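Here is the structure we will look at.
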Amino acid sequence: MRYPGRFRLGLASLVSRRVSVILTIVGIAVSVALILGVERIRVETRESFTQTVAGTDLIVGSRTSPVQLLLYSVFRIGDATANLDYESFEKISRHPSIAWAVPISLGDSHRGYRVVGTTTTYFEHIRYGRDRALAFESGAPFESRFDTVLGSEVARALGYSVGAPIVIAHGTRDDGLSGHDSLPFTVSGVLEPTGTPVDRAVHIRLDAVEAIHVGWESGVRVPDAELDAAHAEHAQLHPGTISAFFLGLNRRSDALILQRAINAFPDEPLSAILPGVALNGLWGLFGGFETGLLIVAAMTVATGLIGMVVGLSSTLNERRREMAILRSVGARPVDIFGLFVTESTLIGIAGALAGYLLLSGVLLAANPLLATELGIRFSAGLPAARELGLLLLVAGLAFLTGALPAWQAYRISLHDGLDPSG
């Protein structure tokens, strides 16, 4: 009788012990899905954040840290420590190096969503992704003073469409007690989904921000001092302060020169940041957290592989007769070693592939929710080079860790010979 090939024999051996083997593969698959998930979230989150500020060369705000300015101006996380004068914005925007400038005013909200006061230049120049322009799913930009343009998530979650009336609340806490209900807005347009904070914003005109705050002092409504709807539309209003503004330059090579000039602006203390540099600073804050997650995920993979080794080692005594029979049909001790290594490698490969498929299925199902809640959309398709490297690493580690029970089987086969009783 001829000794069959190691691969075919190893596969048949795994099938004969399919229950325990499947449990081992499931354990490895879960651990592989975890480490791939951590890596995918890390990469996709960075990519998503980077694409949120595509096409913007400088962001300018009142003097503060670069990370804080980036967070409140782009990602709408936190609040500005102070506003800057609109006159400063006008002076800087007239600089010959600047191609376009977009002001924003933050501080109000609508049913939990941030209100962004801006101009129509916002829809012309703000980019996302790979230099993609904002587009309207329905409606159009502002025309009258109390028009509003909604991000796709706001419209979807609140059931708004073009023509719907909405009321802006004073401050970021919409408790129903501080609404600008005397001056309602009308939805003039809804933007297409972008996967960025734009989807979760309510956009209004800068002069409308001024109009709804007439009669408010230090966040408190002054009785009978507000504008009424009849006069608010045509009242002469000029923005006093804004939260920040975005700049696009004629030549990106001028960015550092203009940044230094703005940081030394004589009229008031300002901070100008390069979005990419500020993002690197943001990732530096999360570097330790990312490393910790990767370590935990790697330990989970190691636990799965150790479980495989324990499973193979625990069956050695039960398989002594099997090894003796294989020796009787011509198998050498090195063939027994190869059989166990083949089994561990097949388990590792199956676990790695199952882990990747598990992660893909989870992300495919969760993509709509993640895009809505976090503004992050995970790409589907074949694994990236780094992910493929992790899958191959898991298979290689399975091969190496399988060498321990394989070596034990090799020694047993040498000791037992043809006698299964040992």
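The values are calculated or read from the model by the stated rules, or taken from the named source; none is laboratory data. Remember, predicted model here, so these are calculated numbers, not experimental data. Ideal geometry is used to build each Cβ from the backbone, glycine not excepted, and the neighbour counts take in all protein chains shown.
Figures for the structure shown
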{"item": "Residue satisfying condition, being small (Gly, Ala, Ser) and over 21 Å from Asp207 (Cβ atoms), within set Ser93, Ser105, Ser152, Ser144", "result": "Ser152"}
{"item": "Single match in Gly55, Gly61, Gly78 (criterion: touching a Lys or Arg at 6+ places or on another chain (Cβ under 6 Å) and closer than 29 Å to Leu256 by Cα)", "result": "Gly55"}
{"item": "Subset of region 39-56 (residues that are part of a helix (DSSP H, G or I) and either small (Gly, Ala, Ser) or surrounded by fewer than 19 Cβ atoms within 10 Å (Cβ to Cβ) (or both))", "result": "Ile41, Arg42, Val43, Glu44, Thr45, Arg46, Glu47, Ser48, Thr50, Gln51"}
{"item": "Residue among Ile59, Ile25 that is surrounded by 18 or more Cβ atoms within 10 Å (Cβ to Cβ), in the same structural domain as Gly348 (by TED's automatic domain parsing) and modelled with pLDDT of 80 or more", "result": "Ile25"}
{"item": "Some residue of region 78-86 being out of contact with any Cys (no Cβ under 8 Å at 6 or more places or on another chain), under 19 Å from Ile349 (Cβ atoms) and either modelled with pLDDT of 85 or more or not in a helix (DSSP H, G or I) (or both)", "result": "no"}
{"item": "From the options Ile28, Ile22, residue that is free of Cβ contacts under 8 Å to residues at least 12 places away in the same chain, farther than 30 Å from Asp267 by Cα and out of contact with any strand residue (DSSP E or B) (no Cβ under 6 Å at 6 or more places or on another chain)", "result": "Ile22"}
{"item": "Any hit, region 78-96, residues being on the phi < 0 side of the Ramachandran plot, surrounded by 16 or more Cβ atoms within 10 Å (Cβ to Cβ), touching a His at 6+ places or on another chain (Cβ under 7 Å) and not charged (D, E, K, R)", "result": "no"}
{"item": "Where Ile59 falls short, out of the listed (1) within 23 Å of Gly195 (Cβ to Cβ); (2) of a type outside the set (S, T, N, Q); (3) not in a strand (DSSP E or B)", "result": "(3)"}
